[in-house]
Amino acid sequence: MSEAAGRESRPGEARLDGDEAAGVLRLRGDWTLAHHAALRRQAEALRGRLDAATRVDADELGTLDTAGARLLHGLLGGERVASLLTDAGGLSRERRALLKAVADAIAGREDTPAEPEGSAIGDVLAHIGQTMGVFWRHVTGLTGFIGLILETALRVSVQPRRWRMTALVANLERTGLDAVPIIALLTFLIGAVVAFLGATVLQNFGASIFTVDLVAYSFLREFGVLLTAIIVAGRTASSFTAQIGSMRANEEIDAIRVLGLDPIELLVLPRVYALLIALPMLTFIAMLSGIIGGMLVSAMTLDISPVLFLSRIEENVGLTHFWVGMAKAPVFAFLIAVIGCLEGFRVQGSAQSVGEHTTSAVVQSIFVVIVVDAVAALFCMEMGW
(Lines give C-alpha, C1' and ligand atoms only; values in the text may rest on other atoms or scores of the structure.)
Protein backbone atom coordinates (compact mmCIF):
# COMPACT_ATOMS: atom_id res chain seq x y z
CA MET A 1 0.00 0.00 0.00
CA SER A 2 1.41 3.37 -0.96
CA GLU A 3 1.93 6.21 1.45
CA ALA A 4 -0.79 8.34 -0.14
CA ALA A 5 -3.32 5.53 0.11
CA GLY A 6 -2.32 4.52 3.64
CA ARG A 7 -2.46 7.88 5.41
CA GLU A 8 -5.68 9.49 6.59
CA SER A 9 -7.20 12.44 4.81
CA ARG A 10 -6.43 15.76 6.55
CA PRO A 11 -8.66 18.77 5.93
CA GLY A 12 -6.91 21.52 4.12
CA GLU A 13 -5.94 24.72 5.91
CA ALA A 14 -4.65 28.15 4.95
CA ARG A 15 -3.17 30.19 7.83
CA LEU A 16 -1.44 33.53 7.78
CA ASP A 17 1.41 33.73 10.35
CA GLY A 18 3.06 36.97 11.30
CA ASP A 19 1.94 40.49 10.52
CA GLU A 20 0.28 41.37 7.20
CA ALA A 21 3.30 43.35 5.99
CA ALA A 22 5.72 40.41 6.03
CA GLY A 23 3.62 37.39 6.87
CA VAL A 24 3.82 33.82 5.70
CA LEU A 25 0.81 32.04 4.23
CA ARG A 26 1.07 28.40 5.24
CA LEU A 27 -0.84 25.82 3.18
CA ARG A 28 -1.49 22.52 4.96
CA GLY A 29 -3.59 19.42 4.50
CA ASP A 30 -5.58 18.14 1.56
CA TRP A 31 -7.04 20.72 -0.84
CA THR A 32 -9.65 18.51 -2.45
CA LEU A 33 -13.31 18.58 -3.36
CA ALA A 34 -14.25 16.85 -0.09
CA HIS A 35 -13.07 19.91 1.89
CA HIS A 36 -14.13 22.51 -0.67
CA ALA A 37 -16.72 24.32 1.46
CA ALA A 38 -14.42 24.90 4.44
CA LEU A 39 -11.47 25.84 2.23
CA ARG A 40 -13.59 28.36 0.31
CA ARG A 41 -14.55 30.12 3.56
CA GLN A 42 -10.91 30.32 4.61
CA ALA A 43 -9.85 31.60 1.20
CA GLU A 44 -12.52 34.32 1.24
CA ALA A 45 -11.41 35.41 4.72
CA LEU A 46 -7.74 35.65 3.70
CA ARG A 47 -8.10 37.09 0.20
CA GLY A 48 -8.02 40.74 1.24
CA ARG A 49 -5.20 40.33 3.75
CA LEU A 50 -2.47 39.26 1.32
CA ASP A 51 -0.07 41.71 -0.25
CA ALA A 52 2.97 41.54 -2.51
CA ALA A 53 5.36 40.82 0.39
CA THR A 54 3.44 37.84 1.71
CA ARG A 55 5.41 34.63 1.27
CA VAL A 56 3.74 31.28 0.48
CA ASP A 57 4.82 28.09 2.26
CA ALA A 58 3.43 24.94 0.63
CA ASP A 59 5.77 22.37 2.16
CA GLU A 60 2.97 20.76 4.18
CA LEU A 61 0.43 20.76 1.36
CA GLY A 62 -1.17 17.33 1.03
CA THR A 63 -3.40 16.00 -1.73
CA LEU A 64 -4.38 18.47 -4.44
CA ASP A 65 -7.12 18.15 -7.08
CA THR A 66 -8.59 20.56 -9.61
CA ALA A 67 -11.12 22.00 -7.14
CA GLY A 68 -8.36 22.77 -4.66
CA ALA A 69 -6.10 24.15 -7.38
CA ARG A 70 -8.93 26.46 -8.45
CA LEU A 71 -9.27 27.73 -4.86
CA LEU A 72 -5.51 28.25 -4.60
CA HIS A 73 -5.47 30.25 -7.81
CA GLY A 74 -8.32 32.43 -6.57
CA LEU A 75 -6.59 32.98 -3.20
CA LEU A 76 -3.03 33.58 -4.42
CA GLY A 77 -3.64 35.21 -7.80
CA GLY A 78 -1.88 34.59 -11.07
CA GLU A 79 1.46 36.17 -10.14
CA ARG A 80 1.90 34.23 -6.88
CA VAL A 81 0.89 30.98 -8.60
CA ALA A 82 3.51 31.59 -11.30
CA SER A 83 6.12 32.26 -8.60
CA LEU A 84 5.07 29.14 -6.72
CA LEU A 85 5.45 27.05 -9.88
CA THR A 86 9.05 28.22 -10.31
CA ASP A 87 9.94 27.19 -6.74
CA ALA A 88 11.01 23.60 -7.30
CA GLY A 89 11.25 22.84 -3.56
CA GLY A 90 7.77 23.95 -2.59
CA LEU A 91 5.62 21.55 -4.58
CA SER A 92 6.06 18.16 -6.12
CA ARG A 93 6.22 17.82 -9.88
CA GLU A 94 2.68 16.38 -10.08
CA ARG A 95 1.16 19.20 -8.04
CA ARG A 96 3.00 21.84 -10.06
CA ALA A 97 1.72 20.27 -13.29
CA LEU A 98 -1.87 20.24 -12.02
CA LEU A 99 -1.68 23.80 -10.71
CA LYS A 100 -0.13 24.99 -13.97
CA ALA A 101 -2.88 23.32 -16.05
CA VAL A 102 -5.60 24.96 -13.94
CA ALA A 103 -3.85 28.34 -14.09
CA ASP A 104 -3.49 28.13 -17.87
CA ALA A 105 -7.16 27.20 -18.26
CA ILE A 106 -8.27 30.10 -16.06
CA ALA A 107 -5.94 32.52 -17.84
CA GLY A 108 -7.21 31.37 -21.24
CA ARG A 109 -10.80 31.87 -20.13
CA GLU A 110 -10.07 35.30 -18.69
CA ASP A 111 -8.12 36.43 -21.75
CA THR A 112 -11.01 35.61 -24.07
CA PRO A 113 -12.69 38.95 -24.81
CA ALA A 114 -16.40 39.08 -24.32
CA GLU A 115 -18.41 39.41 -27.47
CA PRO A 116 -19.55 42.99 -27.87
CA GLU A 117 -23.24 43.57 -27.70
CA GLY A 118 -24.27 44.68 -31.17
CA SER A 119 -27.36 46.55 -32.22
CA ALA A 120 -29.91 45.23 -34.69
CA ILE A 121 -28.92 47.81 -37.30
CA GLY A 122 -25.23 46.98 -36.87
CA ASP A 123 -25.90 43.27 -37.26
CA VAL A 124 -27.90 43.89 -40.44
CA LEU A 125 -25.16 46.11 -41.90
CA ALA A 126 -22.51 43.54 -40.96
CA HIS A 127 -24.50 40.80 -42.67
CA ILE A 128 -24.90 42.97 -45.77
CA GLY A 129 -21.16 43.62 -45.80
CA GLN A 130 -20.36 39.91 -45.50
CA THR A 131 -22.81 39.10 -48.29
CA MET A 132 -21.27 41.72 -50.57
CA GLY A 133 -17.83 40.32 -49.82
CA VAL A 134 -18.96 36.81 -50.79
CA PHE A 135 -20.62 38.18 -53.93
CA TRP A 136 -17.47 40.06 -54.93
CA ARG A 137 -15.33 36.94 -54.44
CA HIS A 138 -17.74 34.98 -56.65
CA VAL A 139 -17.58 37.66 -59.37
CA THR A 140 -13.78 37.88 -59.35
CA GLY A 141 -13.44 34.09 -59.27
CA LEU A 142 -15.84 33.68 -62.20
CA THR A 143 -14.08 36.39 -64.21
CA GLY A 144 -10.68 34.83 -63.62
CA PHE A 145 -11.96 31.37 -64.55
CA ILE A 146 -13.47 32.74 -67.78
CA GLY A 147 -10.11 34.26 -68.65
CA LEU A 148 -8.36 30.96 -67.96
CA ILE A 149 -10.81 29.10 -70.22
CA LEU A 150 -10.42 31.61 -73.05
CA GLU A 151 -6.63 31.45 -72.80
CA THR A 152 -6.66 27.65 -72.89
CA ALA A 153 -9.15 27.60 -75.78
CA LEU A 154 -6.98 29.93 -77.88
CA ARG A 155 -3.88 27.88 -77.16
CA VAL A 156 -5.55 24.57 -78.03
CA SER A 157 -7.38 25.88 -81.12
CA VAL A 158 -4.11 26.16 -83.09
CA GLN A 159 -3.19 22.55 -82.29
CA PRO A 160 -5.83 20.26 -83.88
CA ARG A 161 -4.15 17.14 -82.49
CA ARG A 162 -5.12 18.26 -78.98
CA TRP A 163 -8.83 18.54 -79.79
CA ARG A 164 -10.77 15.98 -77.78
CA MET A 165 -13.57 15.05 -80.15
CA THR A 166 -14.59 11.91 -78.26
CA ALA A 167 -15.19 13.86 -75.05
CA LEU A 168 -17.00 16.56 -77.04
CA VAL A 169 -19.39 14.09 -78.67
CA ALA A 170 -20.04 12.29 -75.36
CA ASN A 171 -20.87 15.54 -73.58
CA LEU A 172 -22.97 16.71 -76.54
CA GLU A 173 -25.08 13.58 -76.26
CA ARG A 174 -25.60 14.04 -72.51
CA THR A 175 -26.31 17.77 -72.62
CA GLY A 176 -28.20 17.97 -75.90
CA LEU A 177 -29.77 14.78 -77.14
CA ASP A 178 -30.79 13.47 -73.74
CA ALA A 179 -32.44 16.80 -72.88
CA VAL A 180 -34.68 16.99 -75.96
CA PRO A 181 -37.69 15.10 -74.49
CA ILE A 182 -37.97 17.11 -71.28
CA ILE A 183 -37.47 20.46 -73.00
CA ALA A 184 -39.92 19.68 -75.80
CA LEU A 185 -42.58 18.49 -73.34
CA LEU A 186 -42.27 21.41 -70.93
CA THR A 187 -42.22 24.12 -73.59
CA PHE A 188 -45.18 22.47 -75.37
CA LEU A 189 -47.20 22.62 -72.16
CA ILE A 190 -46.16 26.18 -71.38
CA GLY A 191 -47.02 27.24 -74.93
CA ALA A 192 -50.48 25.75 -74.43
CA VAL A 193 -50.87 27.59 -71.11
CA VAL A 194 -49.80 30.92 -72.62
CA ALA A 195 -52.25 30.50 -75.49
CA PHE A 196 -55.06 29.57 -73.11
CA LEU A 197 -54.42 32.61 -70.89
CA GLY A 198 -54.15 34.90 -73.91
CA ALA A 199 -57.39 33.55 -75.34
CA THR A 200 -59.17 34.00 -72.01
CA VAL A 201 -58.19 37.65 -71.73
CA LEU A 202 -58.30 38.74 -75.39
CA GLN A 203 -61.60 37.05 -76.14
CA ASN A 204 -63.36 39.61 -73.95
CA PHE A 205 -62.16 42.37 -76.28
CA GLY A 206 -62.88 40.49 -79.50
CA ALA A 207 -59.16 40.23 -80.24
CA SER A 208 -58.69 36.48 -80.03
CA ILE A 209 -56.57 36.49 -83.19
CA PHE A 210 -53.82 38.32 -81.31
CA THR A 211 -53.26 35.16 -79.26
CA VAL A 212 -51.15 34.02 -82.20
CA ASP A 213 -48.93 37.09 -81.87
CA LEU A 214 -48.64 36.62 -78.11
CA VAL A 215 -47.45 33.02 -78.42
CA ALA A 216 -45.06 33.75 -81.29
CA TYR A 217 -43.49 36.84 -79.72
CA SER A 218 -43.10 35.29 -76.27
CA PHE A 219 -41.47 32.07 -77.46
CA LEU A 220 -39.29 33.52 -80.20
CA ARG A 221 -37.86 36.32 -78.07
CA GLU A 222 -37.98 35.14 -74.45
CA PHE A 223 -39.65 31.93 -73.38
CA GLY A 224 -37.90 29.61 -75.79
CA VAL A 225 -34.35 30.49 -74.82
CA LEU A 226 -35.10 31.39 -71.18
CA LEU A 227 -36.96 28.20 -70.32
CA THR A 228 -34.34 26.12 -72.11
CA ALA A 229 -31.52 27.85 -70.24
CA ILE A 230 -33.23 27.37 -66.86
CA ILE A 231 -33.84 23.67 -67.53
CA VAL A 232 -30.26 23.20 -68.73
CA ALA A 233 -28.96 25.11 -65.69
CA GLY A 234 -30.77 22.72 -63.36
CA ARG A 235 -29.89 19.65 -65.37
CA THR A 236 -26.45 20.22 -66.85
CA ALA A 237 -24.75 22.69 -64.51
CA SER A 238 -25.44 20.39 -61.59
CA SER A 239 -24.09 17.45 -63.62
CA PHE A 240 -20.86 19.29 -64.44
CA THR A 241 -20.34 20.28 -60.79
CA ALA A 242 -21.04 16.78 -59.49
CA GLN A 243 -18.73 15.13 -62.04
CA ILE A 244 -15.76 17.45 -61.53
CA GLY A 245 -16.42 17.73 -57.78
CA SER A 246 -16.34 13.96 -57.37
CA MET A 247 -13.07 13.81 -59.28
CA ARG A 248 -11.63 16.48 -57.02
CA ALA A 249 -12.86 14.69 -53.90
CA ASN A 250 -11.17 11.50 -55.12
CA GLU A 251 -7.97 13.45 -55.94
CA GLU A 252 -8.29 12.59 -59.62
CA ILE A 253 -7.71 16.26 -60.53
CA ASP A 254 -4.36 16.15 -58.73
CA ALA A 255 -3.51 12.93 -60.56
CA ILE A 256 -4.25 14.65 -63.89
CA ARG A 257 -1.85 17.46 -63.00
CA VAL A 258 0.81 14.97 -61.89
CA LEU A 259 0.57 13.32 -65.32
CA GLY A 260 1.37 16.68 -66.90
CA LEU A 261 -2.14 17.26 -68.31
CA ASP A 262 -4.21 20.41 -68.06
CA PRO A 263 -7.57 19.89 -66.25
CA ILE A 264 -9.05 22.91 -68.07
CA GLU A 265 -8.21 21.41 -71.44
CA LEU A 266 -9.21 17.90 -70.46
CA LEU A 267 -12.40 18.51 -68.46
CA VAL A 268 -13.70 22.02 -69.05
CA LEU A 269 -13.29 22.76 -72.76
CA PRO A 270 -15.24 19.68 -74.00
CA ARG A 271 -18.13 20.56 -71.71
CA VAL A 272 -18.16 24.21 -72.71
CA TYR A 273 -18.03 23.43 -76.44
CA ALA A 274 -20.74 20.78 -76.08
CA LEU A 275 -23.10 23.18 -74.34
CA LEU A 276 -22.33 25.95 -76.85
CA ILE A 277 -23.55 23.59 -79.59
CA ALA A 278 -26.41 21.97 -77.68
CA LEU A 279 -28.19 24.98 -76.18
CA PRO A 280 -28.96 26.78 -79.50
CA MET A 281 -30.37 23.54 -80.90
CA LEU A 282 -32.46 22.98 -77.78
CA THR A 283 -33.65 26.58 -77.96
CA PHE A 284 -34.85 26.04 -81.53
CA ILE A 285 -36.72 22.89 -80.44
CA ALA A 286 -38.26 24.80 -77.53
CA MET A 287 -39.47 27.56 -79.85
CA LEU A 288 -41.12 25.04 -82.17
CA SER A 289 -42.66 23.08 -79.28
CA GLY A 290 -44.06 26.20 -77.63
CA ILE A 291 -45.58 27.48 -80.87
CA ILE A 292 -47.08 24.03 -81.61
CA GLY A 293 -48.63 23.97 -78.12
CA GLY A 294 -50.12 27.42 -78.65
CA MET A 295 -51.36 26.43 -82.10
CA LEU A 296 -53.11 23.35 -80.68
CA VAL A 297 -54.93 25.36 -78.01
CA SER A 298 -55.88 28.04 -80.56
CA ALA A 299 -57.37 25.40 -82.85
CA MET A 300 -59.33 23.80 -79.99
CA THR A 301 -60.64 26.87 -78.16
CA LEU A 302 -60.56 29.76 -80.68
CA ASP A 303 -61.26 27.95 -83.96
CA ILE A 304 -58.01 29.28 -85.40
CA SER A 305 -56.81 26.69 -87.86
CA PRO A 306 -53.13 25.76 -88.07
CA VAL A 307 -52.97 27.30 -91.55
CA LEU A 308 -54.34 30.62 -90.27
CA PHE A 309 -52.06 30.41 -87.24
CA LEU A 310 -48.92 29.95 -89.35
CA SER A 311 -49.92 32.56 -91.90
CA ARG A 312 -50.52 35.07 -89.09
CA ILE A 313 -47.02 34.42 -87.78
CA GLU A 314 -45.56 34.81 -91.25
CA GLU A 315 -47.32 38.13 -91.83
CA ASN A 316 -46.93 39.85 -88.44
CA VAL A 317 -43.88 38.34 -86.74
CA GLY A 318 -40.55 39.40 -88.16
CA LEU A 319 -37.49 37.21 -88.37
CA THR A 320 -35.68 39.63 -86.06
CA HIS A 321 -37.45 38.19 -83.04
CA PHE A 322 -36.15 34.73 -83.87
CA TRP A 323 -32.57 35.95 -84.16
CA VAL A 324 -32.83 37.95 -80.93
CA GLY A 325 -33.81 34.78 -79.08
CA MET A 326 -31.20 32.61 -80.76
CA ALA A 327 -28.43 35.16 -80.13
CA LYS A 328 -28.86 34.78 -76.38
CA ALA A 329 -28.46 31.00 -76.43
CA PRO A 330 -24.64 30.84 -76.81
CA VAL A 331 -24.18 33.45 -74.07
CA PHE A 332 -26.36 31.49 -71.67
CA ALA A 333 -24.63 28.24 -72.63
CA PHE A 334 -21.16 29.65 -71.93
CA LEU A 335 -22.15 31.09 -68.54
CA ILE A 336 -23.92 27.91 -67.42
CA ALA A 337 -20.99 25.70 -68.42
CA VAL A 338 -18.42 27.97 -66.77
CA ILE A 339 -20.34 28.22 -63.49
CA GLY A 340 -20.93 24.48 -63.37
CA CYS A 341 -17.26 23.64 -63.94
CA LEU A 342 -16.00 26.34 -61.57
CA GLU A 343 -18.14 25.10 -58.69
CA GLY A 344 -16.83 21.60 -59.36
CA PHE A 345 -13.25 22.80 -58.92
CA ARG A 346 -14.23 24.51 -55.65
CA VAL A 347 -15.24 21.23 -53.98
CA GLN A 348 -13.12 20.64 -50.87
CA GLY A 349 -13.09 16.85 -50.79
CA SER A 350 -16.19 15.58 -49.02
CA ALA A 351 -19.63 14.42 -50.08
CA GLN A 352 -21.21 17.34 -48.23
CA SER A 353 -19.05 19.79 -50.17
CA VAL A 354 -20.10 18.18 -53.46
CA GLY A 355 -23.77 18.65 -52.55
CA GLU A 356 -23.29 22.25 -51.42
CA HIS A 357 -21.44 23.30 -54.56
CA THR A 358 -23.89 21.46 -56.81
CA THR A 359 -26.73 23.45 -55.27
CA SER A 360 -24.69 26.64 -55.57
CA ALA A 361 -24.02 25.97 -59.26
CA VAL A 362 -27.74 25.60 -60.04
CA VAL A 363 -28.69 28.73 -58.09
CA GLN A 364 -25.92 30.84 -59.61
CA SER A 365 -26.66 29.64 -63.15
CA ILE A 366 -30.37 30.42 -62.93
CA PHE A 367 -29.66 33.80 -61.32
CA VAL A 368 -27.11 34.79 -63.97
CA VAL A 369 -29.37 33.61 -66.81
CA ILE A 370 -32.31 35.71 -65.59
CA VAL A 371 -30.16 38.79 -64.95
CA VAL A 372 -28.49 38.61 -68.37
CA ASP A 373 -31.86 38.03 -70.05
CA ALA A 374 -33.32 41.10 -68.32
CA VAL A 375 -30.35 43.24 -69.39
CA ALA A 376 -30.63 41.93 -72.96
CA ALA A 377 -34.36 42.69 -73.03
CA LEU A 378 -33.74 46.28 -71.94
CA PHE A 379 -30.95 46.67 -74.48
CA CYS A 380 -33.09 45.33 -77.33
CA MET A 381 -35.95 47.59 -76.34
CA GLU A 382 -33.73 50.67 -76.39
CA MET A 383 -32.25 49.62 -79.74
CA GLY A 384 -35.72 49.03 -81.21
CA TRP A 385 -35.01 45.41 -82.13
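Values computed for the structure shown
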item	result
Alpha carbon centroid spacing (whole Å) that separates segment 126-157 from segment 192-269	21
Estimated distance in nm for a label pair at Trp136 and Trp323, the labels positioned 7 Å out from Cα along Cα-to-Cβ	4.1
Per-residue HN-Hα couplings for segment 304-319 [Karplus 6.51, -1.76, 1.60; θ = phi - 60°; Hz; x = Gly/Pro]	9, 5, x, 5, 5, 4, 5, 5, 5, 5, 5, 7, 10, 10, x, 5
Extreme residue, positive dipole direction of the chain, given options Val297, Gly77, Phe240 (C-beta unit charges)	Phe240
Theoretical FRET efficiency, 1/(1+(r/R0)^6), r = Cβ-Cβ of Leu177 and Ile128, R0 45 Å, to 0.05	0.50
Selection from Leu91, Val225, Val307, by position along the positive dipole direction of the chain (Cβ)	Val307
3J(HN,Hα) from dihedral phi, segment 247-256, Karplus parametrisation 6.51/-1.76/1.60, rounded to Hz, x for glycine, proline	5, 5, 5, 8, 6, 6, 5, 4, 5, 4
Relative contact order (%) - segment 154-265, alpha-carbon pairs under 8 angstrom, separation at least six	20
Selected from Gly122, Ala195, Ala37, residue furthest toward positive end of dipole (the chain; charges at beta carbon)	Ala195
Translational diffusion of segment 157-202, µm² s⁻¹ [Kirkwood Rh, Cα pairs; Stokes-Einstein; 20 °C; 1.002 mPa s]	157
Charge tally in the Cβ shell below 14 Å around Ala361, where Lys, Arg are +1 and Asp, Glu are -1, Ala361 excluded	+2
Those residues of segment 201-218 whose amide nitrogen sits under 15 Å from the label point placed on Ser311, 7 Å along Cα→Cβ	209
Leu91 long-range amide H proximity, modeled H, under 5 Å	none
Simple Cβ-charge dipole of the chain, Lys/Arg +1 and Asp/Glu -1, about Cα centre, in debye nearest 20	640
Gyration tensor (Cα) of segment 236-366, equivalent ellipsoid semi-axes in angstrom	43, 16, 10
Label-point gap, in nm, between Ala105 and Val371 - each point 7 angstrom along Cα→Cβ	5.0
Per-selection metrics, the chain (Cα): Rg and Dmax in Å	38.3, 118
Amide H within-cut-off set for Val317, under 5 Å, with H built and near neighbours excluded	none
Hz values of 3J(HN,Hα) by residue in segment 219-224 - Karplus curve (6.51, -1.76, 1.60), Gly and Pro given as x	7, 6, 8, 10, 4, x
Contact order normalised by residue count of segment 305-385, Cα under 8 Å, 6+ apart, percent	31
Solvent exposure, largest accessible area first (probe 1.4 Å, DNA, RNA and ligands not counted), of Val225, Val180	Val180, Val225
Heavy atoms of Thr86 accessible to a 1.4 Å probe, total area in Å² rounded to 10	110
Over the chain, relative contact order from alpha-carbon pairs under 8 Å, at least 6 apart, %	17
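The values are calculated or read from the model by the stated rules, or taken from the named source; none is laboratory data. Keep in mind the model is a prediction, meaning the values are calculated, not measured. Glycine gets a Cβ as well: all are built from the backbone with ideal geometry, and neighbour counts include every protein chain shown. Quick note on the areas: whole protein, heavy atoms, side chains included, nothing else; ligands and nucleic acids left out. Shrake-Rupley method; radii C 1.70, N 1.55, O 1.52, S 1.80 Å.
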